[in-house]
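The values are calculated or read from the model by the stated rules, or taken from the named source; none is laboratory data. Owing to the predicted nature of the structure, the values given are computational and were not obtained by experimental measurement. Note that we place each Cβ from the backbone using ideal geometry, even for glycine, and neighbour counts take in every protein chain shown. Only protein heavy atoms, including side chains, enter the accessible area calculation; ligands, DNA and RNA are left aside. Shrake-Rupley method; radii C 1.70, N 1.55, O 1.52, S 1.80 Å.
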Amino acid sequence: MASLMQSHFPDLKLLGRGKVRDNYDLGDALLIVSTDRISAFDHILPNGIPDKGKVLNQISIFWFAKTAGLVRNHLMEHRVERFPEALRRHADVLRGRSALVTRLEMLPVECVVRGYLAGSGFKEYVKTGSVCGLRLPPGLKESARLPEPLFTPSTKAVSGHDENIAFARVVDLVGQDTAGKIRDLSLAVYRKGCEHAESRGIIIADTKFEFGRDRDGLVLADEVMTPDSSRFWPQETYREGGVQPSLDKQYVRDHLESIGWDKNPPAPRLPDEIVEGTRRRYLDIFTRLTGKTLE
């Protein structure tokens, strides 16, 4: 099964390519195409995961609808048959993996929310007893549920690693009022997501959001609670005190760690069994969360 590694529409104006998404300029709107590229440790891997872009696109659309009562989002249209005529000629490529979105002034902050102690948060806790400067009770184990979800923002690095920052730095970047709003909105959207996910037997251990501004205020943008931006753990296998089985990109990271890659280019090609295992996990989390089959 082939992966869509890059979209090519000569009649459209390409604005840029991110690690996963290709963005096209439509004036006041953008066309976002979610490809099957996959990145790890800040590098795009040479082969992709079939259907991954469709999972990311459709799971974000699901969450945009689910959280619309909490915060406005940038989604204008995702049904290809309702796209402008100039886009419908590319329907075979765009269907299921694209969205028309409002053009925004994006904020320079990654809004990370952690409900469980995992990943870099656990490593920081072991060293300092804190996560992003927020003190936690002593004696917490890896993967422990935190007393309350934490807002642990980071920078949005153009290249290289994002860096965790204190809330005071967010205030410096976007102002006191906006900083408070994106913190409160991030926590509210995360709690809403967790409520639904737990009803489906899934733990959202942590996730990250992005916000932009339009003339009317803050808007939730980019992707929402996808397996690229979140840690998803099956409730049936959850046990605090160690690493959890995951239904997200951690499966790829674990493979790359196991082969001793030094995280410098060139990135290694994923074996077929890792590609298929990743695809299976992405499709599984999509079905479990949405109750739907992939378009």
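With 26 Å as the limit, the listed pairs 123/156; 52/181; 13/292; 13/192; 52/192; 156/263 have 52/181; 13/292; 13/192 beyond it between alpha carbons. When the helices of the chain are scored as -39500 (n - 2.57) per DSSP H run of n ≥ 4 and the total is divided over every residue, the value at 222 nm lands at -9500 deg cm²/dmol. If the chain linking residue 89 and residue 25 were pulled fully straight, counting 0.36 nm for each residue of separation and taking away their Cα-Cα distance, it would gain 21.4 nm. Extending 7 Å from the Cα toward the beta-carbon at both residue 181 and residue 123 defines two label points whose distance is 3.5 nm. Applying both filters, DSSP loop and at most 16 other Cβ atoms within 10 Å, to the GluC sites (Glu not before Pro) of segment 115-166 gives 163. Take the Cβ atoms of residue 43 and residue 168, set R0 to 45 Å, and the FRET efficiency comes out at 0.90. Give the shape of segment 77-141 as rounded, prolate or oblate, defined through the alpha-carbon gyration tensor: a ≥ b ≥ c are the square roots of its eigenvalues, a/c under 1.5 means rounded, and otherwise the shape is prolate if a/b is larger than b/c and oblate if not. Prolate, because a/c is 1.5 or more and a/b exceeds b/c.
Compute the length gained on full extension between residue 214 and residue 79: take 0.36 nm times their separation in residues and subtract their Cα-Cα distance, giving the result in nm to one decimal. List each step's numbers first, then the result.
Working: separation 135, 0.36 × 135 = 48.60 nm, distance 2.32 nm.
Answer, rounded to one decimal: 46.3 nm.
Using C-alpha pairs below 8 Å separated by at least 6 residues, the relative contact order for the chain is 20 percent.
Take the chain and mark each of the chymotrypsin sites (Phe, Trp or Tyr not before Pro) that is in a DSSP loop with at most 16 other Cβ atoms within 10 Å; the longest unmarked stretch, sites excluded, is 42-237. For residue 110, the shell of other residues with beta-carbons less than 14 Å away shows a net charge of -2, using +1 for Lys and Arg and -1 for Asp and Glu.
What is segment 189-249 by shape, rounded, prolate or oblate, if you read a ≥ b ≥ c off the alpha carbon gyration tensor as root eigenvalues and call it rounded for a/c under 1.5, prolate for a/b larger than b/c, and oblate otherwise? Prolate, since a/c reaches 1.5 and a/b exceeds b/c.
Taking square-rooted eigenvalues a ≥ b ≥ c of the alpha carbon gyration tensor, is segment 118-264 rounded, prolate or oblate, where a/c under 1.5 means rounded and, failing that, a/b exceeding b/c means prolate?
rounded
Counting only protein heavy atoms and a probe of 1.4 Å, the accessible surface of the chain is 49% carbon and sulfur. Write out the trypsin sites (Lys or Arg not before Pro) in segment 245-295 meeting two conditions: DSSP loop, and at most 12 other Cβ atoms within 10 Å of their Cβ. Filter output for segment 245-295: 263, 269, 292.
Between the residues 99, 121, 57, the greatest Cα displacement towards the positive end of the dipole of segment 9-123, with unit charges on the Cβ of Lys, Arg, Asp and Glu, is found for 121. What the phi angles of segment 89-102 give under the Karplus curve with 6.51, -1.76 and 1.60, with θ = phi - 60°, is a coupling list of 5, 9, 4, 4, 7, 6, 4, x, 10, 9, 8, 8, 10, 5 Hz, glycine and proline written as x. The Cα center of segment 118-157 and the Cα center of segment 47-97 differ in position by 33 Å. Accessible surface computed residue by residue for segment 87-189, with neighbouring protein chains in place and a 1.4 Å probe, gives 50 Å² per residue. Of 4, 70, 171, which is farthest on the positive side of the dipole of the chain, counting Cα position, with +1 on Lys and Arg Cβ, -1 on Asp and Glu Cβ, and the Cα centre as origin? Of the options given, the answer is 70.
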